[in-house]
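The values are calculated or read from the model by the stated rules, or taken from the named source; none is laboratory data. No experiment lies behind these values; they were computed from the predicted model shown. For neighbour counting, all protein chains shown are included, and Cβ atoms are generated from backbone atoms with ideal geometry for every residue, glycine included. These area figures cover heavy atoms from the full protein model, side chains too; ligands, DNA and RNA do not enter into them. Shrake-Rupley method; radii C 1.70, N 1.55, O 1.52, S 1.80 Å.
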Amino acid sequence: MSLFSRRRLSAIIFAALFFFLFLSFRSLNSRDLSSTYSYPATDGSQQIGTGDSGYWARYIPHYPPSSLRPLPRGKPSALPKVQTTFKTESPTDREVRLKRQAAVKDVFLRCWDSYRSKAWLSDELSPITGQKRGHFGGWGATLVDSLDTLWIMGLRREFEEAVTAAATISFKTTNLNEISVFETNIRYLGGFLSAYDLSGDRRLLQKAKEVGDMLYVAFDTPNRMPVTRWDIHGSARHQMQMADAHVLLAEIGSFSLEFIRLSLVTNDPKWFDAVQRITELLHDQQNSTQLPGMWPVIVNARNEKFGDHYDYTLGAMADSAYEYLPKTYALMGGLLPEYKEMYEVSMNTAIQHNIFRPLVPDSKDILISGTASVRGKDDEHHVRLRPEGQHLGCFTGGMLALGGKLVQNQTHVETGAKLTDGCVWAYKVSPLGIMPETFYTVPCESKEHCPWDENKWMDGVLEISGLGSNNANGNNGVTRDDVQAFIKKKNIPKGFTYVPDGRYILRPEAIESVFILYRITGRKDLLESAWDMFTAIEENTRTELASSALADVMVEKNPPKSDSMESFWFGETLKYFYLVFGETDALSLDEWVFNTEAHPLKRLLPA
Ligand SMILES: *[C@@H]1O[C@H](CO)[C@@H](O)[C@H](O)[C@H]1NC(C)=O
Ligand SMILES: *[C@@H]1O[C@H](CO)[C@@H](O)[C@H](O)[C@H]1NC(C)=O
C-alpha cells in the first residue's frame, strides 16, 4: 500500500474514532475527556480497520525448511533461586518507596496522555513539537511497547483502551522501505507476547502471531538465515531474497526469547526452528572466532561464517545476543542447556578481555565493559582494549548478576554488581547526574589494585583529546595547564578522559541493571541511586508535553533537548524505575524473564 493510501486509510479510521467518541463520551471520566478522542470500551468485537490479519500467514515460502526442529520435550527444572529473601521493611522506608513509585507513575501518565491525544497509533510523539513520528514501521511502536507497562502500573482502563486500539494495527504493509527485523521483534512481538502473558487477553496472542508470521518471512532465504534489514515490499511481491554477508551480531542473535515463547504459546515449532538454526551456528563456531568464546560485532549470515571480524564487545551492535543466552536458559527452565554453556564460555572471555577496572577518584572498585579488537594473525594474537563506557553497555551488570545466579557462579554475580556500580558512578559524576551515551576512561592494569593518580588521569586526557597531536611526538609543548583548561572547558569529570557522544536519549540500561541487582542482593543503596537517577532524568528531560532526549548532558545546566522520545522510555526506562520502587515479589525474577525491550515473559517452571 502506498504512503498516500495509507494516509487516506488513517483519515477514515480517525473519522470513525470521532464518531465513536460522540457515542460514548458520556461514560468516560475526566482523564479521558482531556484527550481529543477515545475508543469506546469493547470486548474486541468492534475492531476498527483490522486490515488483513492473515496476510503474512498465507505467504508461500521459496525455501521451506525440509524439517522442523521440534520444541524440546521434558519437564523444566527448578533453576537456582535468583531473588534474595528481602527483610521486612520499616513503615518509613515503605512510605518513601511508594511515594517514589507514584512519582514514576505520574511521569508515565503525563507522557502517555500526550501520546494518546497527539500521536495515538503512530510510532512516537515528538515531545517538544507534538508531532507524530514513524520510524518503526508506523505500527504504533509506543502503543505496543507500553501495553505491559500499563498493565503493570495497574492502569486497567488505559490498558483496555490500548489493547482495543492495538488490535486494529495492520502489519500488512508499512511506509518504510526497509524493516529492522530486530527492532520489530523486540518491540512489537515482545510487547504483544508480554502483554498476553500478563493479561491472558487473546487479542494480544493474535497480534503476536501476526507479527511472528510477518517476521518469519524474513527467514525465507536459501540457508534459512534471516534478512535483518528486510525489504518487506519485495516480499509482498514474492521476490526471492538472501541473507546478508554483513550482519550485526545483535540483529541476528536476539530472537530466542520472543520466538521460542511464541512457539510455546501457539504450540507451533516453526519459530523455535528458525532461531535454533542460528543458535547452532553460534554454538558450533564459538571457540573458533578471532577471540574464542565471543562472536564479533559483524558476522556473515550468507556464508555462515561467524568468526572473521576483529571487534568484540558486549556493547552496541552485539549486546542482546549475549544477554539472551542466560535469559533463554531461564525461559526454558533449563531445557536448552546449550544456552547455559554458551553464556558461561562467552563470559569467561569477556571477563578476561572486555571488562576492566577504570582509574577513578577514591580508587572505587568498579568495572566497565569495553571493546576488544584483535589485531595480528594466528599465532600472534594481539588483543587491544578500547576503554570506552557506553550507556548501552550498562545492561551487562544485570546480565552477569542474573546469569551468575542461574549458573551459580559468584564471580559473575560480583562482576555484575561492580559493572552496575560503574554505571551508577558514571551517573553520579556527570554534571547533571545523567551519564552520557559514551565516555572514555583510563583502564587499570589490575582489577585488584588501582590507586587514584591524578597525573595518570591527565595523561589519559592528553592522549585521547588530540591536544598534542599536531606536535611531532605527541604531548610536546602541551603543559598541564593546557590540559586543565581543556578539562574545564569540556566539563570532563575526574575519571572520564573524553566524551565522544554526550547525548542522553532516555535510555534504560543503567536502571535496568540497578533493578536486577536490587532484586538479587536487596542492597538498599541501589534504591537511593535509582531515585537520584530518576530525579536527574525527570528534571532535565521534562517538556510541556512529555520527556525529551537530551542532545548534550555534559553541560552545567539547561541541557539542549532533541525533541525525541523513543518508545523504550515507556516500555523500559519508566517500567524499571516503577518496578525498582515496587513490591519485590511483583514480576519476580524467579518467574519472569525480561526481553531486551523490558517485556517480561513467563518462565517455564516445574509443575
Ligand atoms: C568451547 O570451549 C569450552 C572450554 O573453553 C568448552 O567448555 C565448550 O564446550 C566448547 N564449545 C564447543 C561448542 O565446543
Ligand atoms: C565462574 O566464572 C569465572 C569467570 O568466568 C570462571 O573463571 C570460573 O571458572 C567460573 N566458576 C565456575 C565454578 O564455573
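A few remarks follow.
- For HIS135, solvent-accessible area (1.4 Å; no DNA, RNA or ligand), Å²: 110 Å²
- Rounded to the nearest 20, the size of the Cβ-charge dipole of the chain about its Cα centre is 1320 debye, with Lys and Arg at +1 and Asp and Glu at -1.
- Kirkwood hydrodynamic radius (C-alpha pairs) into Stokes-Einstein, the chain, 37 °C and 0.692 mPa s, D in µm²/s: 130 µm²/s
- Amide H to amide H, with H built 1.01 Å from N, ILE298 comes under 5 Å of LEU249, ASP311, counting only residues 5 or more places away or on other chains.
- Accessible surface of the chain, 1.4 Å probe, proportion on carbon and sulfur as whole %: 51 percent
- Averaged over its residues, the chain has an accessible area of 40 Å² per residue, based on protein heavy atoms and a 1.4 Å probe.
- In Å², nearest 10: area of ASP585 left accessible to a 1.4 Å probe: 120 Å²
- Using the Karplus relation 6.51 cos²θ - 1.76 cosθ + 1.60 with θ = phi - 60°, the per-residue 3J(HN,Hα) values for the range 172-180 come to 5, 8, 7, 8, 8, 6, 9, 10, 7 Hz, with x marking Gly and Pro.
- C-alpha long axis of helix 454-465 to longest principal axis of the chain, angle in °: 60 degrees
- Net charge contributed by nearby residues that have their C-beta within less than 15 Å of ILE298 (K/R +1, D/E -1): -3
- The listed residues ASP273, ASP525 rank as ASP525, ASP273 when sorted by accessible area, largest first, using a 1.4 Å probe.
- Applying 0.36 nm per residue to the separation of ARG229 and SER117 and subtracting their alpha-carbon distance, the gain on full extension is 37.1 nm.
- Low-density loop positions, GluC sites (Glu not before Pro), the range 73-133 - DSSP coil, at most 14 other Cβ in 10 Å: GLU89
- Applied to the range 567-574, the Karplus parametrisation 6.51 cos²θ - 1.76 cosθ + 1.60 on θ = phi - 60° returns per-residue 3J(HN,Hα) values of 5, 5, 4, 7, x, 10, 4, 5 Hz, with x for Gly and Pro.
- With θ taken as phi - 60° and the Karplus curve 6.51 cos²θ - 1.76 cosθ + 1.60 applied, the whole-hertz 3J(HN,Hα) list for the range 388-399 is 9, x, 10, 4, 4, x, 5, 5, 4, x, x, 4 Hz, x standing for glycine and proline.
- Extended-chain gain in nm, criterion 0.36 nm per residue less alpha-carbon gap, ASP585 and ASP106: 170.2 nm
- Within the chain, CYS111 have no other Cys Cβ under 4.7 Å of their Cβ and so lack a disulfide-compatible partner by this rule.
- Globularity index of the range 198-257, i.e. its alpha-carbon radius of gyration over 2.2 N^0.38 Å: 1.30
- Summed side-chain charge close to GLY433 - residues other than GLY433 whose Cβ falls under 13 Å, Lys, Arg +1, Asp, Glu -1: -3
- Solvent exposure ordering (accessible area, 1.4 Å, most first) of TRP120, TRP592: TRP592, TRP120
- The calculated 222 nm mean residue ellipticity attributable to helices in the chain amounts to -13500 deg cm²/dmol, summing -39500 (n - 2.57) over DSSP H runs of n ≥ 4 and dividing by all residues.
- Positive minus negative residues near HIS283 (Lys, Arg vs Asp, Glu; Cβ under 13 Å): -4
- In a fully extended conformation the segment linking THR535 and THR88 would gain 158.3 nm over its present Cα-Cα distance, using 0.36 nm per residue.
- Dipole of the chain computed with +1 at Lys/Arg Cβ and -1 at Asp/Glu Cβ about the Cα centre; of PHE159, LEU325, THR142, farthest Cα towards the positive end is PHE159.
- Near-label residues of the range 292-325 by backbone N, under 19 Å of a point 7 Å along Cα→Cβ of GLU183: 316-321
- Spherically averaged projected area of the convex hull of Cα atoms, the range 505-607: 7.5 nm².
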